[in-house]
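To start, the structure under review is shown below, and the notes come after it.
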Amino acid sequence: MIQIALVFAYVCIGLSLILAMWRLWKGPNVIDRVLALDTLVVNGIGMIVVFGISTGVETYFESALIIAMLGFVSTVAYARFVLRGNIIE
C-alpha cells in the first residue's frame, strides 16, 4: 500500500514541478516568477522527503530542512530586491 502512495506522490509532485516551471518560464511579471521559484523549492523539498521515505535514509530529511531554510531566505531576499531595489538597507 505504501508503494502505491509513494508512486502517487511522485506523480503529483512531478506534475506540480512541471507546472511551476511553466509559470517560471511564461510568467507575465516578476512577482509570478518569484512565486514560481518558491513553489519549485517547496516541490523540490517534497520530492526529497518522498525519496527519503521510499529509501528509508534519514539524511534526506535533514537536507530537506536545510534546503527549506535556504529557500525561504532566498525568496525573502529576492522579493525585497524586486520591491525596493536593494536587499540590505
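Taken together, the values in this text are just the output of simple stated rules run on the coordinates, not laboratory data. A quick note: this is a predicted structure, and the numbers were derived from the prediction, not measured. Backbone-built Cβ (ideal geometry, glycine too); neighbour counts: all protein chains shown.
Hey, what angle do you get for helix 2-26 against the long axis of the chain, alpha-carbon based, 0 to 90 degrees rounded to 10?
On a 0 to 90 degree scale, this one is about 20.
Taking R0 as 35 Å, what's the FRET efficiency between residue 51 and residue 87 from their Cβ-Cβ distance, rounded to 0.05?
Step by step, r from the Cβ atoms, then E = 0.60.
How many percent of the alpha carbon pairs in the chain exceed a separation of 19 Å?
So the pairs more than 19 Å apart make up 50 percent of the total in the chain.
Give the angle, between 0 and 90 degrees and rounded to the nearest 10, that separates the Cα long axis of helix 30-55 from the longest principal axis of the Cα atoms of the chain.
Between the helix axis and the principal axis of the chain, the angle is about 20 degrees.
Take the Cα atoms of the stretch 37-82, build their convex hull, and give its volume per residue in Å³.
Convex hull volume per residue, Cα atoms: 38 Å³.
Going highest first, how would you order 21-27, 53-59 by mean Cβ packing within 10 Å?
In descending order of packing, they fall as 21-27, 53-59.
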